[in-house]
1. If you stretched the chain out fully between THR174 and VAL201, how much longer would it get, using 0.36 nm times the residue separation minus the C-alpha to C-alpha distance?
2. With +1 on the Cβ of every Lys and Arg and -1 on the Cβ of every Asp and Glu, and nothing else charged, how large is the dipole of the stretch 26-106 about its Cα centre, in debye rounded to the nearest 20?
3. What does the charge count around THR75 come to, taking other residues whose C-beta lies under 15 Å from its C-beta (Lys +1, Arg +1, Asp -1, Glu -1)?
4. Would you calculate the separation in nanometres between label points at GLN46 and ARG101, each defined as 7 Å from the Cα along the Cα-to-beta-carbon direction?
5. Find how much the distance from GLN67 to ASP124 grows on full extension, using 0.36 nm per residue of separation minus their present alpha carbon separation; answer in nm with one decimal.
Amino acid sequence: MRAIGTLLLSFIAFAACSSTNSADDGRDPPPGNGGKKCYNVALNDQDGSSACAHTTCQPGRWCLDIQCLEGCIDTSNCARGSYCDLSNPSRIAERNVGTCRTPTSAQEIPCPRSDGGSNATCGDVHGAYSVVLDAAGSNSACSEFPSSVECTLAQNDCSLTFTCNPNPGFRSATLDSNDRATFSATGPRGVTGACRAQFSVGSRPKSFQWDCTFTGQGGSAVCKGDGVGR
């Protein structure tokens, strides 16, 4: 059943999807996008500093116990308008540590129109989420799910992409008009997971409920949990 626990991480990498992220530029705006650039990664909209014992870690550094270390474990560790690149992380104290970066022109994507011209029929679910397992409502085989997963969701219209730490992989999905995403995941040993995520965009913070059914030679297991916006 270890493969089930591993596959669950692949799901969470999905559920942690995010939305279009934008930054002001100095150019004349294209019609309807509000004069902003949009990117395929979620950008930090805060100053990037974080409390660490009796000190404060500056943007581009993260807190380990009582010291600030170079790098980032989440986009919230980076300066405003930048993101945490975890595509090639180092490993420190069992944490994936990435590098804060400013998005490049190669990462630009079309912005949803603000004048009603967008084809999007789904809600805005982008942002950072803390994702947890509902142990009481899940099969015992789901116990390998980590106690804390931090995910950043990016969104272009109704197309979702996401980055999570721990980072088990990268997935994508499409949100329907009911803000529900349905997808499948196949992992080691051929275990297949049929997964659903239902987002709630009318409340603050944003949130979603997810469930995944994994089926293998040893039977099936249903894992459930929640994601809460940060």
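No lab work stands behind these numbers, since they all come straight from the coordinates. What you see is a predicted model, and the numbers here were worked out from it, not measured in a lab. Please note: Cβ atoms are built from the backbone with ideal geometry, for glycine as well, and neighbour counts cover all protein chains shown.
1. Between THR174 and VAL201, full extension yields 8.2 nm more.
2. Details: 8 positive and 8 negative charges, 51 e Å.
That gives the stretch 26-106 a dipole magnitude of about 240 debye.
3. Details: positive: ARG61, ARG80, ARG95, ARG101, ARG230; negative: ASP45, ASP47, ASP74, ASP85, GLU150.
Within the 15 Å Cβ shell, the charges total 0.
4. The modelled label-to-label distance comes out at 2.3 nm.
5. 16.9 nm
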